[in-house]
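The values are calculated or read from the model by the stated rules, or taken from the named source; none is laboratory data. Computed from a predicted structure; not experimentally measured. A quick note on method: Cβ atoms are made from the backbone with ideal geometry, for glycine too, and the neighbour counts reach across all protein chains shown. Ligands, DNA and RNA are excluded from the accessible area calculation, which covers all protein heavy atoms including side chains. Shrake-Rupley method; radii C 1.70, N 1.55, O 1.52, S 1.80 Å.
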Amino acid sequence: MQTTFTAAQLADPHVAESEAILRKCVHCGFCTATCPTYLTLGNELDSPRGRIYLIKDMLENGRAADEEVVTHIDRCLSCLACTTTCPSGVDYMHLIDHARIHIENTYRRPLKDRLVRSVLAAVLPYPSRFRLALSAARLGRPFAGMMKRIPLLKTFGIMLDLAPEKAAPASDSTRAGKRPAENEKRGRVALLTGCAQPVLRPGINEATIRLLTRLGIEVEVPAGEGCCGALVHHMGREEQALAAARRNVDIWMKAIDGGGLDAIIITASGCGTTIKDYGHMLRLDPEYAAKAARVSALAKDITEYLSTLDLPRLEPKRVTVAYHSACSMQHGQKIVMAPKLLLKAAGFTVRDPAEGHLCCGSAGTYNILQPEISATLKARKVKNIEATKADVIATGNIGCITQIATGTAIPILHTVELLDWAYGGKAPEGISSHP
């Protein structure tokens, strides 16, 4: 793609990066075939190619974002299926990140949008606040229908519909400190506990700690660790996202310097995609660039790390698993085979749902901010999963778990919960017996 940025514009390293990304696009349109929003809406501007044109025009002309640009950028799930499809290597992720920052800095959203986004950014990244909000949601749930009929409160009504009946009890897995390896020590890792996940499904990190320590891995939960920053990063709130990244880099560097780490284990693939990008996010910060790159290099999805431990192959079980590959796993981190191979080695029969490359519609806060598109994608995903006739669904991202669970009666678990169960752990919630 030909560009006409001025030398003055290109002096800005963010603009220079976006210009280099834009120049790789050859207008081929392969991305439209795998873009969930284009397949759902049929609008060229809701495809990656269409958004690229809008971003180019906005940045090249130095214009503030307008309503049309914001509408189509907001509809992007950041599922990154387009990057997997693109034959030219267009780095769409960092281009859309830049566009969102530009929107945040140059566009004043309507009051209700500003209110909703501020609440999400102030609540979801903080477990104690999120837990309190879920408690309040129990009181507000009877009023959800009425709230959805009031434009200013519609999104809050949608939030009440999505909120679980109650938050899970506080878990010991979030307590800072070391969990010693059982038997002979084979390694040492840090575990990201996360923000929303320990409130919604603490059993995921509990299973991770049990499995790793049984395998001889010492697990440390560092004190002071917090949200990875993904949620605000995808809202274009750059400084808030970078502050979260810097805090975690400092915490993990203490763990690295204090005893060494083989890996930083992440059990939510959406977080993993962001943490693996810390090196890029902080590349212009002379104090943090090298440290962030070191942290990113150590970040590993739990299935990515387990694949290095040579787990024993177990006898086949009469349990069929539909594996849903989260977008942040398959497109963001390019981890495709490891989870399925681990499940098969553990004795499960694994089935791939049709259209596995398409997003389930969760995408962080997308199911709150774009509920209609999200609901359409969820229905499509659930239909494909149920067609496998599986006993259980496995995936690697808390957002996908909560989204898909609202559309099907098939139990849905994190991959590590099934692996912990197979290798001697307790049966996950919703599963009544050992395989």
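The figures follow:
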item: Average accessible area per residue (Å²) across the chain - probe 1.4 Å, nucleic acids and ligands excluded; result: 42
item: The chain, relative contact order [Cα under 8 Å, separation at least 6], %; result: 13
item: Carbon + sulfur, % of accessible area of region 9-135 - ligands and nucleic acids excluded, 1.4 Å; result: 56
item: Taking region 1-66 and dividing mean pair separation by its residue count, relative contact order in percent (alpha carbons under 8 Å, at least six apart); result: 27
item: Nearest-ten-degree value, helix 48-60 long axis tilted from longest Cα axis of the chain; result: 50
item: Between 0 and 90°, nearest 10: helix 238-257 axis offset from the chain longest Cα axis; result: 30
item: Cβ-defined net charge surrounding residue 218, 13 Å radius [Lys, Arg +1; Asp, Glu -1]; result: +2
item: Between region 346-389 and region 136-165, the alpha-carbon center distance in angstrom; result: 24
item: All Cα pairs of region 279-357, percent lying beyond 14 Å; result: 69
item: Charge dipole magnitude, Cβ of K and R +1, D and E -1 - the chain, Cα centre, debye nearest 20; result: 980
item: Share of carbon and sulfur in the accessible heavy-atom surface of region 299-416 [1.4 Å probe, %]; result: 54
item: Cα-based reach from residue 276 at 25 Å (exclusive), listing lysines while leaving out same-chain residues under 8 positions away; result: 24, 178, 254, 291, 300, 334, 340
item: Shape box of the chain [Cα atoms, principal axes, largest first, Å]; result: 63, 51, 42
item: Cysteines in the chain that, by Cβ-Cβ distance, have no pairing candidate under 4.7 Å; result: 25, 28, 35, 76, 86, 360, 400
item: Reachable aspartates and glutamates from residue 389, criterion Cα separation under 12 angstrom, eight or more residues apart if same chain; result: 352
item: Lys, Arg +1 and Asp, Glu -1 on Cβ, resulting dipole of region 365-435 about Cα centre, debye, nearest 20; result: 240
item: Percentage relative contact order, region 60-147, counting C-alpha pairs under 8 Å, at least six apart; result: 26
item: Local electrostatic count, residue 139, Cβ distance below 15 Å [Lys/Arg +1, Asp/Glu -1]; result: +2
item: Added length on full extension, which subtracts the Cα-Cα distance from 0.36 nm per residue, residue 297 to residue 24; result: 95.7 nm
item: Principal-axis tilt of helix 111-123 within the chain, Cα atoms, nearest 10 degrees; result: 30
item: Cβ-derived FRET efficiency at R0 30 Å, residue 150 paired with residue 64, nearest 0.05; result: 0.50
item: Surrounding net charge for residue 411, when Lys and Arg each add one and Asp and Glu each subtract one, Cβ distance under 9 Å; result: -2
item: Helical contribution to [θ] at 222 nm, DSSP H n ≥ 4, -39,500 (n - 2.57), averaged over the chain, rounded to 500; result: -14000 deg cm²/dmol
item: 16 Å cut-off, amide nitrogen to a point 7 angstrom out along residue 135 Cα→Cβ, residues in region 182-209; result: 199-200
item: Those aspartates and glutamates that a straight Cα-Cα span of less than 14 Å connects to residue 154, excepting residues fewer than 8 apart in one chain; result: 113, 372
item: Accessible surface of region 189-258 [probe 1.4 Å, protein heavy atoms]: carbon and sulfur percent; result: 54
